[in-house]
Amino acid sequence: DLLDDITQAKKIRISTDLAIPPSGMMDSSMKPTGSDVEVAQLLAKDWGLELEFIQTTGATRIPNVLTGKADIIISTLSVTPERAKVIDFTKRYATLQSDIGCLKSLNVKDWPDLKDKAIGVSRGTTQDTTLSNMKDKELKISRYDDDATEVTAAVSGQVDCVGTSATIINQIGVKNPARIFESKIPLATFDLAIGLKKGEQRLMDKLNAWIAENVKNGKLNAIYKKFHGVDLPADMRS
Amino acid sequence: MSLQLDFPAVLERWPSFLAGAVLTLELAAFATVLGALLGTLAAVGRGTHNSLIAGACKIYVETIRNTPLLVQIFLVYFGLASLGLKFSAFTVAVTALTINVGAYTAEIMRAGFEAIPRGQIEAAEGLALSRLQIYWHIILLPAVEKVYPALTSQFVLLMLASSVCSQISAEELTAVANYIQSDTYRAFETYIIVAVLYVILSLVMRAGFWGLGLVLFPRRRRLGTPL
Amino acid sequence: MQQNSSSEPIVSLRNVRKSFGPLVVLDGVSFAVERGEVLALIGRSGSGKSTALRCIDRFEKVDDGEIVVCGHRVDRPDVDLRALRQDVGIVFQSYNLFPHLTIEQNITLAPCAVKGMATAEAKDLARKVLVQVGLEEKLHAYPEQLSGGQQQRAAIARSLAMQPKVMLFDEVTSALDPELTAEVLKVIEQLAADGMTMVMVTHEMGFAKGIADRIVFMHRGKVHETGPASILTSPTTPELTQFVGTGNLKS
Amino acid sequence: MQQNSSSEPIVSLRNVRKSFGPLVVLDGVSFAVERGEVLALIGRSGSGKSTALRCIDRFEKVDDGEIVVCGHRVDRPDVDLRALRQDVGIVFQSYNLFPHLTIEQNITLAPCAVKGMATAEAKDLARKVLVQVGLEEKLHAYPEQLSGGQQQRAAIARSLAMQPKVMLFDEVTSALDPELTAEVLKVIEQLAADGMTMVMVTHEMGFAKGIADRIVFMHRGKVHETGPASILTSPTTPELTQFVGTGNLKS
Amino acid sequence: MGGHLNINHLVFLGQGALWTVGLSVIALIGGGIVGFVIALARISPLKSVRLASAVYVQLIQGTPLLVILFLGYFGLAAIGFKVSPLTAASASLTLYVAAYLGEIWRGCIQSVPKPQWEAAEGLALTRTQRMIKVILPQAIRIATPPTVGFMVQIIKNTSLASVVGFVELMRSGQIVNNSLFEPFAIYAIIAVTYFAMCYPLSLFSQRLERRMGRGRSNLAPA
Ligand SMILES: Nc1ncnc2c1ncn2[C@@H]1O[C@H](COP(=O)(O)OP(=O)(O)OP(=O)(O)O)[C@@H](O)[C@H]1O
Ligand SMILES: Nc1ncnc2c1ncn2[C@@H]1O[C@H](COP(=O)(O)OP(=O)(O)OP(=O)(O)O)[C@@H](O)[C@H]1O
Ligand SMILES: [Mg+2]
Ligand SMILES: [Mg+2]
């Protein structure tokens, strides 16, 4: 059983993508940082385990736990029913507020205004899936491999709209003051959860208990606010 | 192991895979034709006595060959946008791939040119053929014939390398795979299917080149030498 | 064409020098070829015969001296090479057929591309010159399908098809058997009768005797002895005496 | 070696057939070469001389018939090729020197690699055979630095260095001038005196007459006439008559 | 996130560059050895060997390296083999490089003119001797430019090893970029670094070509 293995090894291996700010990234001295990184560190500390980050890319987050190369994933996994067929999700430890952000000067009030405007997204993210499923709205989606490319596309003028987290929307204007972006239409709020291999019920229970405790004591909210600038939603904190 | 593969769950998205494969083939086809032209010109340019042209061709070839395609694609895509020029992802992808494969083609073609025996060119000179006629009749076609396998491999390589176009929002095969695997979290199934599709695409390309070779090199066809 | 007075040589070399690095290959070579004349260049291996021939068609630049061919100043840097080579046909020691073209395409290429001849006319011409060298049945073969002798005959046919004013041959008969040599000789005799001027490097003394109006014997990069074909039977220098003496072993 | 009775031929072809696709090149060829005999294969271009020679050293597989060379059944699929080729030396129409090796290295390669000869000994041998062909000063040159004639002589030297029991020559003198042909002839005569057996394809009638013990005249893939060198002066078939008749133009 | 490029970023990129060099060396040594065997197998007198090696080459050459690496690492783990990322990357890169080098070298070997093979055969050299002493020395010259050309591609292609967890040059650049959002500066640095690694190789091959090029001109590359 995985929990026993972890306890025995005194070490937990966590699969985290360190190239998706602000959840996983490097600080100016090239140490891992970000909201997911701090969640992982908190977990390891609470359980008295050594922490090992398994460096992954978006494509290998899941195979890493499926093949036993990592124990769990903390890497902005949004919960969808489709994905739940492959791995198990814990209860949510955070949420991700996503908006459609556009050039400030752009007159966008509602969905019809977006017609024929290219919307940049990170490929395969839940924002992408959500927008892609809005078939009736005739949206034009430009998919980039990661957030950085998506931001660069917005900064350089390849797209005037993006579908991503509010934090990233604000970042565009910082990079290029001539192109200030702001949130125009709220897209959705996704639950973020820890992922693990199917059938590890004991580990799952223990993770869920840990999440419940740290939601209650406000530690997870503190981490979230530190990196995303806002509190977790009220319904989660109560 | 507990890993269970569920191909039907991924295969049901076959229209997306198909669209991705078609786009990959389109990118490869455009870049192959344009890159072959550009590369041949650059190879001829490197061989001219005009040191300005030769130098420019050399710088082009060396810069492109010694830097990653991904960086080239970024520079074209974002660079053009920063200059206020907006082109579709497809146009940019074809442009970047052409510039890239042109440099490799130039090197291969140059080797082919150098492989033409001196006596052949002297014989043609002795028949009063002009430089252009010699290039066309005596150098170009036999050189292409000699390096044809290398060219074929290079263009198949280009098709495989076109996967980085996913970075600039071209929805080719790898982009489709990335989307499907992060949507379903079935990375194994997706990558295995994609591997098979790429093998099929490369076989399609090789078959195409083989057929083209039969048309271009009648001697090979007559004498039964494998291409 | 008949305006050039017949006293004006078609090919003339005056004091031509040529070195490859330290090796002096042509050390002041002079000779002239009159219209309609057949000149045989003989001499032992390495004496510079091929080099002299290549200088005439400007495949080598001379270091010093003067070469005039059909009025072209070949030694000058500004010589019009394409015009020169329309007037001069050259057949090499190694035949240099174009391997990717059929024999017919090898032959029609230059008439069509250079002289703008119509394809049908060029094909007729190809057939004609192939008949001359006894190869008409190989019209559609590729060079590699021919034996060495057949390839050389095809190369001669290709050169004949350009109908040049001077023909240069570098040991063209060395790969031909006696029967074909005779055929080629007949072709060459016919050409000579039509007023064709020829310079041929050859090792075949019998051939030289039979066809040449004049012999140039080269030795160590110099013209050592020159004169009518009769010098082969009564040489004046000891070198030529030795050269034709051993040569007699052959015939 | 002397155990084989002298009545046993060293090379024998019996009813050999060989086609390239539809083209029948050897159409039932039979001849034999005794120990110490020099056999000249003559015939017009394309008559199959080179092909016959190549079959003897198994560069072509025959379609039908029997070939025995120094006791090796060359027509059999299980023939020991390396043993065969240690007994047989072959020199080609195109010299085929190895361009990346000096002349000395070209010559010492096989004796060292195949016979395990010591380097010093092989170098002495190289010098010796180069003296035989008059090329001793080119010991350290690369093939491309030699003229055509010089390259062919080096190729002959390379073959001589293996001291084979039979030597096959395919028009080896066609690129040599009379003087050098004589030198090579002397070498070959000396070899014949030492008991060397030789088969040579040649277009040189004088050469064939002077050196050959026996002549095989090939015509359209068949042995048309065969006999001592005297058949060249008094041929019995009209084809040979015509062949040597035209050949006389040369000598 | 945000901030400016500092020395730590450069050190991080430097470490990535070291991995790139290391992986390339492994790929070239492993791929070179296996590729040589493949080249010989492709011209083997045995039909089955020729066929097997041809299928291998077609399969590998038709598959993107990314997929080979992915299946090599996770695929082996999925069927019960525990392999370290280094082992998996080395094995995958070796298989990949071997398919290409093998094919390049086969073409070079076969483009040595047929009379050369025959002359060597006529001197009773064994198959091995013919190869080593006559054919390969001539093939090497032809093989040099395409081989070095491919080496340069390999240096760049090792970037795909990030899929099995290697933070090599390209991946380290992406990580830094995703913290800083300075794509132009960072990709310029990456481009220059790759150029600095690759260009000497290209120069080297050109020099080699010139030095070995003593006139053997009628030979074709792969
Ligand atoms: N490109 C070259 N570079 C260096 N040396 C050369 C070159 N071409 C010829 N030579 C040398 O110049 C000399 C004369 O060569 P040339 O080919 O003119 O002789 P040749 O009289 O035609 O001999 P052969 O009868 O053997 O053909 C030879 O010693 C040859 O080695
Ligand atoms: N590999 C081959 N494929 C097809 N045809 C060939 C091949 N080799 C030779 N031939 C043909 O076989 C015939 C005999 O060729 P071969 O070389 O034996 O003639 P040869 O008597 O040596 O002529 P030459 O005196 O011109 O060298 C020729 O018509 C030639 O075109
Ligand atoms: Mg010569
Ligand atoms: Mg022959």
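The values are calculated or read from the model by the stated rules, or taken from the named source; none is laboratory data. If you're wondering where the values come from, they're calculated on a predicted model, not measured in any experiment. All Cβ positions, even for glycine, are placed from backbone atoms using ideal geometry, and neighbour counts span all protein chains on display. Keep in mind that these areas ignore ligands, DNA and RNA; they rest on the heavy atoms of the full protein, side chains included. Shrake-Rupley method; radii C 1.70, N 1.55, O 1.52, S 1.80 Å.
Report, as an integer, the average count of C-beta atoms from other chains found within 10 Å of each Cβ along D:39-45.
On the way: counts 0, 0, 0, 2, 2, 7, 15.
Shielding by partners across D:39-45 averages 4.
How long are the semi-axes of the equivalent ellipsoid of the protein assembly as shown, taking √(5λ) for every eigenvalue λ of the Cα gyration tensor, in whole Å from largest down? Don't skip to the answer; put the middle values down first.
Values: eigenvalues 1125, 222, 117 Å².
The answer is 75, 33, 24 Å, longest axis first.
Using θ = phi - 60° and the Karplus form 6.51 cos²θ - 1.76 cosθ + 1.60, what ³J(HN,Hα) does each residue of region E:155-168 get, whole Hz, x for Gly and Pro?
3, 6, 6, 4, 4, 6, 5, 4, 5, 9, x, 7, 9, 9
Send over the Kirkwood Rh of chain A, from the inverse of the averaged 1/r over different Cα pairs, rounded to one decimal Å. If you can, show how the numbers build up before the last one.
Values: mean 1/r = 0.0537 Å⁻¹.
18.6 Å is the Kirkwood radius here.
What spacing in nm lies between the two simple spin-label points modelled at residue C:76 and residue B:212, each 7 Å away from Cα in the Cβ direction?
4.7 nm
Please list the equivalent ellipsoid semi-axes of region E:10-58, computed as the square roots of five times the alpha-carbon gyration tensor eigenvalues, in descending order and whole angstrom. Walk me through the numbers before you get to the answer.
Details: eigenvalues 259, 17, 4 Å².
They are 36, 9, 5 Å, listed from largest to smallest.
Among the DSSP beta bridges whose two residues both lie in the protein assembly as shown, what percent are antiparallel, rounded to the nearest 5? Don't jump to the answer; show the numbers that get you there.
On the way: 67 of 117 bridges.
So the antiparallel bridges in the protein assembly as shown amount to around 55 percent.
If we sort E:22-29, D:48-55, B:48-55 on the protection proxy, mean other Cβ atoms within 10 Å, highest first, what's the order? Each step should come with its number before you reach the end.
Values: E:22-29: 19.2, D:48-55: 24.0, B:48-55: 11.0.
The peptides rank, most packed first, as D:48-55, E:22-29, B:48-55.
Counting each DSSP H run of 4 or more residues in chain E as -39500 (n - 2.57), what helix-only mean residue ellipticity at 222 nm follows after dividing by all residues, to the nearest 500 deg cm²/dmol?
Values: 8 runs with 156 residues, N = 222.
It comes out at -24000 deg cm²/dmol, rounded to the nearest 500.
Take the cross-link list A:91/A:140; C:209/D:209; A:85/A:135; C:222/E:133; A:135/A:198 and give me the ones stretching past 30 Å between alpha-carbons.
Working: A:91/A:140 34 Å; C:209/D:209 21 Å; A:85/A:135 24 Å; C:222/E:133 41 Å; A:135/A:198 32 Å.
In this structure, A:91/A:140; C:222/E:133; A:135/A:198 exceed 30 Å between Cα atoms.
Using θ = phi - 60° and the Karplus form 6.51 cos²θ - 1.76 cosθ + 1.60, what ³J(HN,Hα) does each residue of region B:57-65 get, whole Hz, x for Gly and Pro?
Coupling constants for region B:57-65: 5, 5, 4, 4, 4, 5, 4, 5, 5 Hz.
Among the aspartates and glutamates, which fall within straight-line cross-link reach of residue B:58, defined as a Cα-Cα distance under 17 Å, with same-chain neighbours fewer than 8 residues apart omitted?
B:107, B:114, E:209
Once both axes come from the Cα atoms, what is the angle between helix A:35-47 and the longest principal axis of chain A, in degrees from 0 to 90, rounded to 10?
10 degrees
Suppose you put the label 7 Å out from Cα in the Cβ direction; list, shortest first and in nm with one decimal, how far residue D:116 is from each other copy's label.
For residue D:116, the other copies' label points sit at 7.3 nm, shortest first.
Quote the total accessible area buried by chains C and D together, excluding ligands, DNA and RNA, probe 1.4 Å, nearest 100 Å².
Counting both chains, the buried surface is close to 2700 Å².
When you look at the Cβ of every residue in D:75-84, what mean number of other chain Cβ atoms sits within 10 Å? Before the final figure, lay out each step's value.
On the way: counts 0, 0, 0, 0, 0, 0, 4, 6, 1, 1.
For peptide D:75-84, the averaged partner shielding equals 1.
Let me know the charge dipole size of chain E about its Cα centre in debye, to the nearest 20, where only the beta-carbon of Lys, Arg (+1) and Asp, Glu (-1) is charged. If you can, show how the numbers build up before the last one.
Working: 17 positive and 6 negative charges, 179 e Å.
Roughly 860 debye for chain E.
Whole number please: convex hull volume per residue, Cα atoms of region E:7-212, in Å³.
Numbers: hull volume 28.2 nm³, N = 206.
So the per-residue Cα hull volume is 137 Å³.
Which lysines, if any, have their Cα less than 25 Å from the Cα of residue C:115, not counting same-chain residues under 8 positions apart?
Partners found: C:123, C:128, C:138, C:165.
What quantity of accessible surface, computed with a 1.4 Å probe and excluding non-protein components, is buried in total between chains D and E, in Å² to the nearest 100?
On the way: alone 12080 and 12280 Å², together 22440 Å².
The D and E chains share an interface burying roughly 1900 Å².
Using only the alpha-carbon atoms, how far is helix C:178-193 inclined from the longest principal axis of chain C? Give it as 0 to 90 degrees, nearest 10.
So the inclination is approximately 80 degrees.
What part of the accessible area of the protein assembly as shown, given as a whole %, is carbon or sulfur when the probe is 1.4 angstrom?
On the way: 26340 of 46020 Å².
About 57 percent, which is the carbon plus sulfur part of the accessible surface.
Accessible area per residue, 1.4 Å probe, Å², for the protein assembly as shown: what's the number? Don't skip to the answer; put the middle values down first.
On the way: 46020 Å² over 1189 residues.
Dividing the accessible area of the protein assembly as shown by its residue count gives 39 Å².
Report the label-to-label distance for residue A:188 and residue E:207 in nanometres (one decimal), using points 7 Å from each Cα along the Cα→Cβ vector.
5.9 nm
Which residues' amide hydrogens lie under 5 Å from the amide hydrogen of residue A:119, considering only partners 5 or more residues apart or on another chain, with H built in the peptide plane?
Placed amide hydrogens put A:140, A:141, A:142 under 5 Å from residue A:119.
Mind listing, in residue-number order, the residues in region A:119-140 that have at least 20 Å² less accessible area with every protein chain present than in their own chain alone (1.4 Å probe)?
A:123, A:124, A:129
When the accessible area of each residue in region C:91-120 is compared between its chain alone and the complete protein assembly (1.4 Å probe; ligands, DNA and RNA ignored), which residues differ by at least 50 Å², being lower in the assembly?
Residues meeting the cut-off: C:96, C:98, C:100, C:109.
Quick one: Karplus J couplings for region A:76-82, per residue in order, coefficients 6.51, -1.76, 1.60, θ = phi - 60°, nearest Hz, x for Gly and Pro?
6, 7, 8, 7, 9, x, 4
Please list, in chain and number order, the residues 5+ apart from residue A:185 or on another chain whose amide H is under 5 Å from its amide H, with Hs placed from the backbone.
For residue A:185, whose amide H was placed from the backbone, the distant partners under 5 Å are A:100.
Is chain B rounded, prolate or oblate when judged by the Cα gyration tensor, a ≥ b ≥ c being the square roots of its eigenvalues, rounded requiring a/c under 1.5 and prolate requiring a/b larger than b/c? Walk me through the intermediate numbers first.
Values: a/c = 3.17, a/b = 1.67, b/c = 1.89.
Oblate is the answer for chain B, as a/c is 1.5 or above yet b/c matches or exceeds a/b.
Pick from B:65, B:206, B:118: which is most flexible by mean-square fluctuation in a GNM of chain B where alpha carbon atoms under 10 Å apart are linked?
Maximum fluctuation in the GNM of chain B, among the listed residues, is at B:118.
Specify which residue in the list E:41, E:90, E:206 is farthest towards the positive end of the charge dipole of region E:7-212, using unit charges on the beta carbon of Lys, Arg (+1) and Asp, Glu (-1), about the Cα centre.
The residue sitting farthest along the positive end of the dipole is E:41.
For B:216-222, what's the mean count of beta carbons from other chains sitting within 10 Å of each residue's beta carbon?
Shielding by partners across B:216-222 averages 3.
Let's test the formula: R0 of 41 Å, r as the Cβ-Cβ distance of residue D:14 and residue E:126. What FRET efficiency results, to the nearest 0.05? Walk me through the intermediate numbers first.
On the way: r = 30 Å, r/R0 = 0.73.
The value I calculate is 0.85.
Run the quick spin-label model on residue B:26 and residue E:192: label points 7 Å from Cα toward the beta carbon, then report their separation in nm to one decimal.
3.9 nm
Quick check: from the Cα gyration tensor, does region B:34-128 come out rounded (a/c under 1.5), prolate or oblate? Spell out each step's value before the answer.
Numbers: a/c = 2.86, a/b = 2.72, b/c = 1.05.
Here region B:34-128 falls in the prolate category.
Chains B and E: how much accessible area gets covered up at their contact, both sides added, probe 1.4 Å, in Å² to the nearest hundred? Don't skip to the answer; put the middle values down first.
Numbers: alone 12920 and 12280 Å², together 21720 Å².
Between B and E, the summed buried area is about 3500 Å².
Given the rule -39500 (n - 2.57) for each run of at least 4 DSSP H residues, summed and divided by the residues of chain A, what is its mean residue ellipticity at 222 nm, to the nearest 500 deg cm²/dmol? Spell out each step's value before the answer.
Details: 10 runs with 89 residues, N = 238.
That comes out to -10500 deg cm²/dmol.
Say we join alpha carbon atoms closer than 10 Å with springs in a Gaussian network model of chain B; which of B:128, B:42, B:170 then has the biggest fluctuation?
So, out of B:128, B:42, B:170, the one fluctuating most is B:128.
With the cut-off at 1.5 for a/c, could you classify region A:87-179 from its C-alpha gyration tensor as rounded, prolate or oblate?
Taking the square roots of the gyration eigenvalues as a ≥ b ≥ c, region A:87-179 is oblate.
Would you grab the residues whose amide H sits under 5 Å from the one on residue D:167? Only those 5+ places off in sequence or on another chain, please, with H modelled 1.01 Å from N.
So residue D:167 has HN proximity to D:89, D:197, D:198, D:199.
Mind checking the angle between helix E:85-110 and chain E's longest principal axis? C-alpha axes, 0 to 90 degrees, to the nearest 10.
30 degrees
Okay, helix-only estimate at 222 nm for chain D: each DSSP H run of n ≥ 4 adds -39500 (n - 2.57), divide by all residues, round to 500 deg cm²/dmol; what do you get? Provide the component values of the computation, followed by the final result.
Details: 8 runs with 88 residues, N = 251.
Mean residue ellipticity, 222 nm, calculated: -10500 deg cm²/dmol.
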